[in-house]
Amino acid sequence: MLKTFKNWILIGFASLILVACQQQGGGNSKKSKTLENTQKAGFVKCGVSQGLPGFSNADTAGNWSGIDVDVCRAVAAAVLGDADKVKYTPLSAKERFTALIAGEIDILSRNTTWTLSRDADIGLTFVGVNFYDGQGFMVRKNSGINSVNDFQSGISACTNTGTTTELNMRDFFNSKNISYEPIAFEKADEVVAAYDAGRCDTYTTDKSGLAAQRTKMSSPDDHKVLPETISKEPLGPVVRQGDAVWEDIVRWSLNVMIEAEEYGVNSSNASSLKDSENPQIKRLVGSEGELGSAFGLDNEWSLRIIEQVGNYGEIYEKHIASTGIMPDRGPNELWTKGGILYVAPAR
Amino acid sequence: MNLKFFSIDLKNKKRLIPQVLTLLSIVLAISYFAFNAQVNMNNRGIAFGFGFLTQEASFDIGFSLIDYDGSHSYARAFLVGLLNTLLVSVIGIFFATLIGVTVGIGRLSSNFLVAKFSEVYVEVFRNIPLLLQLFFWYFAALRALPLPEQAINFYDISYLTVKGWYVPKFIWTNFSIFIYSILAAIVAITFVSKHAKKQREEFGKHIPSFYIGIVLLFTFPALSFFIGGVTLDFEIPVLKQMSTTIFNFRGGVSIIPELMALAMALSMYTATFIAENVRAGILGIGKGQKEAAASIGLTNTQILKLVVLPQALRIIIPPTTNQYLNLTKNSSLAAAIAYPDIVLVFAGTALMQTGRAIEIVSITMGTYLLISLSISSFMNWYNQSVAIKEK
Ligand SMILES: N[C@@H](CCC(=O)N[C@@H](CS)C(=O)NCC(=O)O)C(=O)O
């Protein structure tokens, strides 16, 4: 009895060690493990917010929509042929990177600011920017505060924990020599509730976030966003470090949507443009070149993105502009139209 | 010295095998996970180390018992979080015990209303999830408390508002001398009570040690003020206008609503379990004992104090220790309502800003383990001290 028991334990350890050694081998091969796993599972594992209208928000039936959601949908269209094949995991600001590093999700598309320390330090790679943003402040309209210069020492400011917001806020108030009381919540809903109840005098986060959260407040018209922007917040999708092919797929899925807008290709005209005169358009709809094969996809990957998800202009209009969150595209306009959206050419 | 105890009994060697095997498998399992984590972290370009603890934290914390701002290190931020966790746990344990004992005794009351009320209290607060209660108290408090300009005023020295409960701040000089005077008073009181006990037991003489103790407790600190150079000033909070409609109190100390709500939720919830322990403890004392005590003419209060409680305590303490541990661990729900405890500050913000998941989570787990072990060993010690001593 004892002997067989001992043998089993020995076998157990031997296999554990084998598994460990196998895992060591991974990571530097040319194939994409993430792509393989995604195709095997049949869905893209996408990390989103816990509800930020315009970016990633679920309706009562549990359907997610928003421009962050559309990045994941684009990848699903490219690698699985169906933009709906996405599994969403709502994450708080604090949980998001751990979830990505641990492999719970394969794309983090959750209004996440691209910074040096996040990109370089913690095993993450940012693949691009899908929204140029900056941090702002919201106050009550009757507060008599019209600019950040009206803030005085003793002010209390609510925000989300684990965000760039927390750090910028300190830099900002320090530079103005204002002492303040920070109150940092894990979930955005609690921040809004506490601000609404008067626990804090101002609510600070990305301006897009302020605009979006305002739509959720009890009386949105009682509040206003101050004109100043105190930081740069380039928001974009993130992947785990170490899978260069997957990184490329996500990056170019985003780029294709932006470039499609640049060349006037949209969800309704894309398939009819296969015989276009313009070679750049033909490459976007897959009738010229072999762009997909570079990351092991077929040639229609980008056509599917444009057809099923749309170009950047379409998704901005649908989620951000028509919902009244930020009707003006501002910096998120194409470089050809006075904005700063400028992506490397898909060729 | 007898070496026999140290040599292994050869006949019993076989019995050692399972133990050695278990130990070995634990060690191997841990090293397997450590190795695996190392490999995966290398693959993903994540460094391991505790050097980050000395780096500048660069985030501020709204409520701290020690001097802190974002220019301090992550280690200091950890300390701030730890102290906040300990603070809310101590407050929570104090009130949970107070409410728990009251309700527990109340459930056995012969007064129908008291007994029924206690029962309803236990049933309600035990069966609603703690997180829900926490949100309830927090947002109920935020809704109920007035804005600073309409603060509830306590004699012009203390104000209760939605932004916190502002109380006067004590400003001491020579605070350490004051502390020494208290320590001296405690030493003197122990001495007096020992002496009084001896007098009572040996000579049957009664010394009013309790009143002497009170006098000592006041005279020593008073002396520290008159001849020790200790002074105490109060900084009273004053209302300040910061814009057309924004007001706040400046000066004094603010007990933030997050702390009040968390302490409230934790103590109300844990009190239900303590109440049940107390009830079980009292019921566990045989009826005969109470009758015997009554027959020698003890009053009800005396029976409770002299006969029932000393024995019941031995039944009550072990499970109550568990509740103290639970309360401390449950205090980590703080993050939900922005009370800056160790989980929010260190395992939350610091983890996010540094990305040092493994390091930070192991430090945090180790800290909770340490707190738990300290509470249990203290309670074990206390339990032993109330245990029946054979004379
Ligand atoms: N862009 C900032 C802040 C991101 C953030 O978490 N913003 C909040 C407020 S707009 C949010 O998304 N909340 C939604 C949620 O809790 O899921 C960052 O990357 O650190």
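Using helices alone, I'd like the mean residue ellipticity at 222 nm for the protein assembly as shown: each DSSP H run of four-plus residues gives -39500 (n - 2.57), total over residue count, nearest 500.
On the way: 23 runs with 356 residues, N = 738.
My calculation for the protein assembly as shown gives -16000 deg cm²/dmol from helical runs alone.
State whether the range B:349-391 is rounded, prolate or oblate according to the following rule on the C-alpha gyration tensor (a ≥ b ≥ c being the square roots of its eigenvalues): a/c under 1.5 gives rounded; otherwise a/b larger than b/c gives prolate, and the remaining case gives oblate.
Working: a/c = 10.51, a/b = 5.94, b/c = 1.77.
Prolate, because a/c is 1.5 or more and a/b exceeds b/c.
Kirkwood analysis of the Cα pair distances in the range B:34-134 returns a hydrodynamic radius of 18.2 Å.
Available extension along the chain between B:Ser385 and B:Trp172 is 73.0 nm, counting 0.36 nm per residue and deducting the alpha carbon span. For the listed residue pairs A:Lys224/B:Lys240; A:Lys94/A:Lys216; B:Lys194/B:Lys290, the alpha carbons are over 28 angstrom apart in B:Lys194/B:Lys290.
Ranked for footprinting exposure by Cβ neighbours inside 10 Å, fewest first, A:Tyr316, B:Tyr180, A:Tyr132 give B:Tyr180, A:Tyr132, A:Tyr316. Partner aspartates and glutamates whose Cα lies under 14 Å from the Cα of B:Lys169, excluding those fewer than 8 positions away in the same chain, are identified as B:Asp156, B:Asp233, B:Glu235. With a cut-off of 16 Å on the backbone N, the residues of the range B:150-174 near the modelled label site 7 Å out from A:Ser179 along Cα-Cβ are B:166-172. Using the Cβ of B:Thr272 as centre and a radius below 9 Å, the other residues enclosed give a net charge of -1, where K and R count +1 and D and E count -1. A crude spin-label estimate for the pair A:Asn63 and B:Phe378, with each label 7 Å from Cα along the Cβ direction, gives 5.7 nm. Per residue of peptide B:347-360, the mean number of Cβ atoms on other chains within 10 Å of the residue Cβ is 5.
Taking other C-beta atoms within 10 angstrom as a stand-in for reagent exposure, A:Thr112, B:Thr219, B:Thr367 fall in the order B:Thr219, B:Thr367, A:Thr112, fewest first.
Indicate the gyration tensor shape class of the range B:144-239 (rounded, prolate or oblate), computed on the Cα atoms with a ≥ b ≥ c the square roots of the eigenvalues: a/c under 1.5 is rounded; otherwise a/b larger than b/c is prolate and the rest oblate. Could the numbers behind the result be given before it?
On the way: a/c = 4.55, a/b = 2.22, b/c = 2.04.
It is prolate, given that a/c is not under 1.5 and a/b is the larger ratio.
Rg to Rh for the protein assembly as shown: what is it, with Cα atoms only and Rh by Kirkwood? Across the protein assembly as shown, the Cα-based Rg/Rh ratio is 1.06.
Once you divide the Cα radius of gyration of chain B by 2.2 N^0.38 Å, the number left is 1.27.
In this simple spin-label approximation, B:Val361 and B:Phe210 carry label points 7 Å from Cα along the Cα→Cβ vector, and these lie 5.4 nm apart.
Shape summary of the range A:249-307, radius of gyration then Dmax from alpha carbon positions: 10.2, 28 Å. Selection among A:Ala99, A:Gly81, A:Thr113 by position relative to the dipole of the range A:72-122 gives A:Thr113 as farthest towards the positive end (Cβ unit charges, Cα centre).
Listed here are the pairs B:Lys197/B:Lys305; A:Lys45/A:Lys85; A:Lys141/A:Lys187; which of them are more than 20 Å apart at the Cα? List each step's numbers first, then the result.
Details: B:Lys197/B:Lys305 18 Å; A:Lys45/A:Lys85 9 Å; A:Lys141/A:Lys187 24 Å.
Cα-Cα > 20 Å for A:Lys141/A:Lys187; rest within.
Out of all DSSP beta bridges with both ends in chain A, state the antiparallel percent to the nearest 5. Roughly 55 percent of the beta bridges in chain A run antiparallel, per DSSP. Expressed in Å, the radius of gyration and Dmax of the Cα atoms of the range A:135-231 are 11.9, 33. The local environment of B:Ala261, defined by Cβ-Cβ distances under 14 Å, has a net charge of 0 under the rule Lys, Arg +1 and Asp, Glu -1. Dipole of the protein assembly as shown (Lys/Arg Cβ +1, Asp/Glu Cβ -1, origin at the Cα centre): which of B:Tyr121, A:Trp246, B:Tyr211 lies farthest to the positive side? Farthest towards the positive pole: B:Tyr211.
List A:Cys46, A:Cys72 from most exposed to least, where exposure is judged by having the fewest other Cβ atoms within 10 Å. Please list the in-between numbers first.
Working: A:Cys46 25, A:Cys72 31.
In increasing order of surrounding Cβ atoms, one gets A:Cys46, A:Cys72.
Oblate is the label for chain A, because the ratio a/c of its alpha-carbon gyration tensor axes (a ≥ b ≥ c) is 1.5 or higher and a/b is not greater than b/c.
Given the pairs A:Lys33/A:Lys318; A:Lys33/A:Lys274; A:Lys33/A:Lys87, which span a C-alpha to C-alpha distance of over 24 angstrom in this model? Mind dumping the intermediate values first?
Values: A:Lys33/A:Lys318 34 Å; A:Lys33/A:Lys274 32 Å; A:Lys33/A:Lys87 18 Å.
As for pairs spanning more than 24 Å Cα to Cα, those are A:Lys33/A:Lys318; A:Lys33/A:Lys274.
Each label was represented as a point 7 Å from its Cα along the Cα-to-Cβ direction; for B:Ala222 and B:Ala47 these points are 6.2 nm apart.
Read the figures in this text as sums done on the coordinates, not as results from a lab. As the structure is a computational prediction, the values presented were derived from the model and not from experiment. All Cβ positions, glycine included, derive from the backbone under ideal geometry; neighbour counts span all protein chains shown.
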